[in-house]
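J.: Next up is a structure, given as structure tokens.
Computed from the coordinates by the stated procedures, all read-outs in this text should not be read as laboratory data. Computed from a prediction, not measured in an experiment: that's the story for all the values here. FYI the Cβ positions are ideal-geometry reconstructions off the backbone, even for glycines, and counts take in every protein chain you see.
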Amino acid sequence: MKAIVAKSPIGVFAFSEDGELLYYRTFSSEPSKALQQFESNIDKDFIDDLKDYVVAEEKAAWLFLRKHFREYALSLGFAKSNEELNKFLSEFAALLSRRRMKEQLKRDRLLIQASAALEDAIKIENLLGERFREWYSLHYPELKNVTPDMVLKHGTREMFPGYKESVGVQLTESDLQIITEHARLLKEKQEYRKGLEKYIRNTAKELMPNFSSLIEPVLAARFLALAGSLEKLAKMPASTLQLLGAEKALFRHLREKGKSPKYGILFLDSRIHAAPEQQRGKIARTISSKLMQAARIDFYSGRDESARMRSELDEEIRKIREERK
């Protein structure tokens, strides 16, 4: 005969296939202890007591238990009243929610936020930089590639080495002051961005050593951010990894309004965008396949096999490049 088993906050229950309660074992009425029992494996003693049955966990057992849940809780002495049962379930649910939330909030989420912050910082820096160059060029249009350091060091064009003449606007003291403040702000943003990049590189190498050894660590962090977590990244097939970041183009293709994309942010890898066009697809598939393996090692085992994997990838890419010769 078969016994189907279901676990609940109040205990473990075994039913026949017809829904008859065969055996049960209640948990502690203390919510924190009940949660520990609920999250642990079913006791071997419980299985041994059903030695005359073939034991299995099936959805039908949950349906039987749900139908008579309150009846069992009261009749089996777990709770004296519905009010007592409601209080227990409320506290149990709160503890379970906190436990689940704690499991979800892992350090890879910090790296995801840092990667998003870097994108914001780059946008802000580009906006400030563009405004700075346009602003100062009104004063000294002959100067190419002006930087905040130049302006902070020299100030007006007359103080620049080799200055002869200019058709630009003459600056007053207040003009120079506000432009200098803008230059100082831009430099601060540049330093912040560099510090953020350093943090991302170090953290990516720590959390995903194999993955970030195969591509630039800042790009590895972007893959992580697009996936949502290291677990989700580890569960992705190579083909999905290859197209991460190209979702809009993929949806356009599925609506028959565009070409099928071949890469997402993976194209930012220099080994792909610097390769001959006819080799890019094969190199991208090779890299994404290796990244898939690396992500799974990082998440499931944590072993550092970066040297081996990097060597294998370099050899595979070398063979692809030699095919053209």
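J.: Rank the residues Val169, Val146 as a footprinting-exposure proxy: fewest other Cβ atoms within 10 Å of their Cβ go first.
T.: Numbers: Val169 12, Val146 18.
The fewest-first ordering by Cβ neighbours comes to Val169, Val146.
J.: Another one. Springs between alpha-carbon atoms under 10 Å, Gaussian network over the chain: tell me which of Leu219, Leu241, Leu74 tops the mean-square fluctuations.
T.: It is Leu74.
J.: Just the Cα atoms of the stretch 2-104: what Rg and Dmax do they give in Å?
T.: Looking at the stretch 2-104, its Cα Rg and Dmax stand at 13.9, 40 Å.
J.: While we're on this one: Give me Ile320, Ile178, Ile112 ranked fewest to most by other Cβ atoms within 10 Å of their Cβ, as a rough exposure proxy. Mind showing how you got there, number by number?
T.: Numbers: Ile320 16, Ile178 11, Ile112 19.
Going from sparsest to densest Cβ surroundings: Ile178, Ile320, Ile112.
J.: Now, a different point. To make sure I understand the rule: partners must be aspartates and glutamates, Cα under 14 Å from the Cα of Lys187, and not fewer than 8 residues away in the same chain. Which ones qualify?
T.: Glu125, Glu130, Asp149
J.: Are there GluC sites (Glu not before Pro) in the stretch 105-192 that DSSP puts in a loop and that have at most 13 other Cβ atoms within 10 Å, and which ones? It would help to have the intermediate numbers written out before the result.
T.: Numbers: sites: Glu119, Glu125, Glu130, Glu134, Glu142, Glu158, Glu165, Glu173, Glu181, Glu188, Glu191; in loops: Glu142, Glu165.
Counting only loop positions with at most 13 other Cβ atoms within 10 Å, the GluC sites (Glu not before Pro) in the stretch 105-192 are Glu142, Glu165.
J.: Cα to Cα, under 21 Å, and not fewer than 8 places away if on the same chain: which lysines meet these conditions relative to Lys282?
T.: Straight-distance partners of Lys282: Lys259, Lys262, Lys290, Lys319, Lys325.
J.: With N residues in the stretch 151-307, what two-decimal value do you get for its Cα radius of gyration over 2.2 N^0.38 Å? Numbers along the way, then the final one.
T.: Numbers: Rg = 22.8 Å, N = 157, 2.2 N^0.38 = 15.0 Å.
Rounded to two decimals, the normalised Rg is 1.52.
J.: With a 10 Å cut-off between alpha carbons and a GNM built on the chain, which of Pro237, Pro276, Pro217 moves the most?
T.: Between Pro237, Pro276, Pro217, it is Pro276 that shows the largest mean-square fluctuation.
J.: Using only Cα positions of the stretch 53-210, each an equal point scatterer, no hydration layer, compute I(q)/I(0) via Debye at q = 0.08, 0.09, 0.12, 0.19 Å⁻¹ and quote the log10 values to two decimals.
T.: -0.55, -0.59, -0.76, -1.13
J.: Can I ask one more? Using the Karplus curve 6.51 cos²θ - 1.76 cosθ + 1.60 with θ = phi - 60°, work out ³J(HN,Hα) for each residue of the stretch 49-65 in order, rounded to whole Hz, and write x for Gly and Pro.
T.: Those phi angles translate into 5, 10, 5, 7, 10, 8, 8, 8, 9, 9, 4, 4, 4, 5, 5, 4, 5 Hz.
J.: Sticking with this one: For the stretch 101-158, state which trypsin sites (Lys or Arg not before Pro) are in a DSSP loop and have at most 14 other beta carbons lying within 10 Å of their beta carbon. Spell out each step's value before the answer.
T.: Details: sites: Lys102, Lys106, Arg107, Arg109, Lys123, Arg131, Arg133, Lys144, Lys153, Arg157; in loops: Lys106, Arg107, Lys144.
Hits after loop and neighbour filter: Lys106, Arg107, Lys144.
J.: Okay, moving on. Search the structure for amide H atoms under 5 Å from the amide H of Tyr23, placed 1.01 Å from N in the peptide plane, and list their residues when 5 or more places away or on another chain.
T.: So Tyr23 has HN proximity to Ala14.
J.: Write down the percent of antiparallel bridges among all DSSP beta bridges whose residues are both part of the chain, to the nearest 5. If you can, show how the numbers build up before the last one.
T.: On the way: 10 of 14 bridges.
The answer is about 70 percent antiparallel.
J.: Determine, for Asp49, Asp269, the number of other Cβ atoms within 10 Å of each Cβ, and report the residues in order from fewest to most. If you can, show how the numbers build up before the last one.
T.: Working: Asp49 15, Asp269 20.
With the sparsest Cβ surroundings first, the list reads Asp49, Asp269.
J.: If the cut-off is a Cα-Cα distance under 22 Å, which lysines reach Lys194, setting aside same-chain residues fewer than 8 apart in sequence?
T.: By straight Cα distance, Lys194 reaches Lys123, Lys153, Lys205.
J.: Can you check what the Kirkwood hydrodynamic radius comes to for the stretch 10-60, Cα pairs only, in Å to one decimal? Could the numbers behind the result be given before it?
T.: Details: mean 1/r = 0.0837 Å⁻¹.
Taking the inverse mean of 1/r over all distinct Cα pairs, the stretch 10-60 comes out at 11.9 Å.
J.: Extension gain Gln36-Ser81, at 0.36 nm per residue separation less the Cα-Cα distance, in nm?
T.: Details: separation 45, 0.36 × 45 = 16.20 nm, distance 2.34 nm.
That pair, Gln36 and Ser81, stretches by 13.9 nm at full extension.
J.: List the residues, sorted by chain then number, that are 5 or more residues from Ala3 or on another chain and whose placed amide H is less than 5 Å from its amide H.
T.: Amide H to amide H, under 5 Å and 5 or more residues apart or across chains, Ala3 pairs with Val54, Val55, Ala56.
J.: Could you go through the stretch 135-140 in sequence order and give the Karplus-derived ³J(HN,Hα) for each residue, using 6.51 cos²θ - 1.76 cosθ + 1.60 with θ = phi - 60°, rounded to whole Hz, and x for Gly and Pro?
T.: 5, 6, 5, 5, 8, 9
J.: So which GluC sites (Glu not before Pro) in the stretch 1-79 end up in coil per DSSP with only 11 or fewer other C-beta atoms within 10 Å?
T.: Numbers: sites: Glu17, Glu20, Glu39, Glu57, Glu58, Glu71; in loops: Glu17, Glu20, Glu58.
Here the sparse-neighbourhood loop sites are Glu20.
J.: Normalising by the residue count of the chain, find the relative contact order in percent from Cα pairs under 8 Å and 6+ residues apart. Intermediate values should be presented prior to the final figure.
T.: Values: 355 pairs, mean separation 41.8, N = 325.
The value is 13 percent.
J.: Can you give the relative contact order of the stretch 2-104 as a percent, counting alpha carbon pairs under 8 Å and 6+ residues apart? Please list the in-between numbers first.
T.: Working: 122 pairs, mean separation 31.8, N = 103.
31 percent.
J.: Over all directions, what mean area does the Cα convex hull of the chain project, stated in square nanometres? Walk me through the numbers before you get to the answer.
T.: Working: hull surface 120.2 nm².
Orientation-averaged projected area of the Cα hull: 30.1 nm².
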